[in-house]
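To keep things clear, I will list the structure first and then write my remarks on it.
Read-outs throughout are calculated quantities, based only on the coordinates presented, and are distinct from any laboratory measurement. Computed from a prediction, not measured in an experiment: that's the story for all the values here. Neighbour counts run over all protein chains shown; Cβ positions are idealised from the backbone, glycine included.
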Amino acid sequence: MSTTAYPDTILIIDFGSQVTQLIARRVREANVYCEIVPFQSADEAFKRLQPKGVILSGSPHSTTDIGSPRAPQAIFDAGIPVLGICYGEQTMCAQLGGNVESGHDREFGRAFLDVQEDSPLFAGIWAKGTRHQVWMSHGDRVTSLPDGFTIIGTSPNAPYAVIADEKRKYYGVQFHPEVVHTPDGAKLLQNFVHRIVGVKPGWTMGAYREQAVEAIRKQVGSGKVICALSGGVDSSVAALLAHEAVGDQLTCILVDHGLMRKDEVQQVVEMFREHYNLPLILVDASDRFIGALEGESDPEKKRKTIGRLFIEVFEEEARKLGGADFLVQGTLYPDVIESVSFTGGPSVTIKSHHNVGGLPERMKMQLVEPLRELFKDEVRLLGKELGLPDSFIGRHPFPGPGLAIRCPGGVTREKLEILREADAIYLDEIRKAGLYDAIWQAFAVLLPVQDRGRDGGWPHLRIRLRLARGDFGGRHDGGFLPLRHEFPRQCGHPHHQRSPRHQPRCL
């Protein structure tokens, strides 16, 4: 929930769709602020936000079920534009006097939409009489329309694929414009927020930066602030915002647990100390962490051990500073909205960062969360606004527990060194091939398989690794980037391998 009032807001009512966050991302990409709220609290949110327009999400429910979710009647009484997507179209029709039936053939996957009429929703993208690819995922379908609605788009299995009441500015689409499988979907959503709702594209990271800095100053006052700097994008951007707001009232603590990527600790220290002049304490706790993980093979227990030790080390260092009043945390918007159950169960407390969970209560600190209204893509844009280099902003995601969860069995320095080197080689080859920015995440994983061989007469132990990559284009809704067959062989080329006298060979 936003703590700042934005005059031009789109409210997205979540009925439980797995891709509701993609709707919000597309709206934000159109430089328009939006918020997602579960349908149970939509009435309150509608009154609080006073949005200029509303989008109704999809849902796993059926509108024909007793007690299925409904949109607040207040949004239809307010005289503002409404866009219903999939289930959103169906509940809008059902609530306004139309009819929806279940039991028809389910439609899932690619479909083709025939445009029957011109509309502001299609402006600049689809003309009357043309056919376009869309993505369907539904079992129910509309069978009769409420008064005032007309059909403006059809598909072979969805005769009411796109409907409109142009006078009241109500629109419904049976397909999902938010997913990349509907190629023109993002433009359609832009048409809704810009042309139909009339919101100007004023949501920018430059404007957000100014608001966030002012909000931090107001919250912190003259208090002492600390930040757990992990080296990742989120904590780094949060730290820079806080430093811009309160200067040397902020001290960052970087705990080196020995589980980070190659040269990562040195790079973070150099950048923040030398380039940004940010007060930074580096704590080498690698012996402590690796010693505790040496005999542990269960991944979940590894996570808990790392989290517990991090809290202990961070707390020790914070107390050396004489304590602090505030803790900067890189909570993102998905952390906030994922903590709310759309099924009606009790809300879960906003999930804490895996490393600092419990610290605010133990040390009686207040949280400062300057990124809690942003998606990851927006954090990267804000980082660029703050002057972080592209090479840092565009780094692939890295798990908080680090390389420990990519090592099978107990964690040892030897395993970490092999994996750290292999991961660096793999990512280096991906960069050389010009693929790094096209892949959301790629990494090496150590496998619990070994065999022995000879290389030029030298016996050696061969360690096997898995090279993973996926979700290309940063789209976050599935897919793997195909690589040339010879690519894995390049990663295992002899010039990447250490002398068999000294190091195991990686395949």
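Brief remarks follow.
- Taking each residue as 0.36 nm, the span from residue 321 to residue 147 lengthens on full extension beyond its C-alpha to C-alpha distance by 55.9 nm.
- Spin-label model, residue 414 to residue 281: label points 7 Å out along the Cα-to-beta-carbon direction sit 3.6 nm apart.
- Using 0.36 nm per residue and subtracting the Cα-Cα separation, the extra length available between residue 438 and residue 263 on full extension is 60.7 nm.
- Looking at segment 165-245, the trypsin sites (Lys or Arg not before Pro) that sit in a DSSP loop and have at most 14 other Cβ atoms within 10 Å of their own Cβ are 167.
- A simple spin-label model places the labels of residue 64 and residue 127 4.0 nm from each other, with each point 7 Å out along Cα-to-Cβ.
- Based on the Stokes-Einstein relation at 10 °C and a viscosity of 1.306 mPa s, and on the Kirkwood radius from alpha carbon pairs, segment 9-196 is assigned a translational diffusion coefficient of 99 µm²/s.
- Kirkwood-type radius of segment 205-393, with distances r between different C-alpha atoms, in Å: 17.3 Å
- Derived scalar couplings ³J(HN,Hα) [segment 414-431; Karplus, 6.51 cos²θ - 1.76 cosθ + 1.60; whole Hz; x for Gly, Pro]: 5, 4, 4, 5, 4, 5, 4, 5, 5, 4, 5, 5, 4, 5, 5, 5, 5, 5
- Residue 447 paired with residue 47, simple spin-label distance in nm, labels 7 Å along Cα-to-beta-carbon: 5.9 nm
- Efficiency of FRET from Cβ geometry, residue 180 and residue 273, R₀ 41 Å, rounded to 0.05: 0.50
- Karplus 3J(HN,Hα) series, Hz, for segment 370-386 with 6.51 cos²θ - 1.76 cosθ + 1.60 (x for Gly, Pro): x, 10, 5, 9, 10, 7, 4, 4, 6, 4, 5, 5, 5, x, 5, 4, 7
- For residue 331, the residues 5 or more places off, or on other chains, whose built amide H falls under 5 Å of its own are 371.
- 3J(HN,Hα) along segment 210-217, derived from phi through the Karplus expression 6.51 cos²θ - 1.76 cosθ + 1.60 where θ = phi - 60°, amounts to 4, 5, 5, 4, 5, 5, 5, 4 Hz, with x in place of Gly and Pro.
- Cα centroid of segment 133-202 to Cα centroid of segment 416-431, whole Å: 46 Å
- Under 24 Å from the Cα of residue 376 - lysines, other chains or at least 8 residues apart: 187, 200, 262, 351, 384
- q = 0.20, 0.24 Å⁻¹: log10 I(q)/I(0) that the Debye formula gives for segment 81-175, counting C-alpha atoms only: -0.92, -1.31
- Under a 5 Å amide H cut-off, with hydrogens placed 1.01 Å from N, residue 367 pairs with 327 among residues at least 5 apart or on other chains.
- Amide H contacts for residue 281 (H built 1.01 Å from N in the peptide plane; partners 5 or more residues away or on another chain; cut-off under 5 Å): 252, 253, 254.
- Set of aspartates and glutamates with alpha-carbon distance to residue 52 below 19 Å, sequence-local pairs under 8 removed: 8, 14, 29, 35, 43, 44, 77, 89, 165, 166, 373
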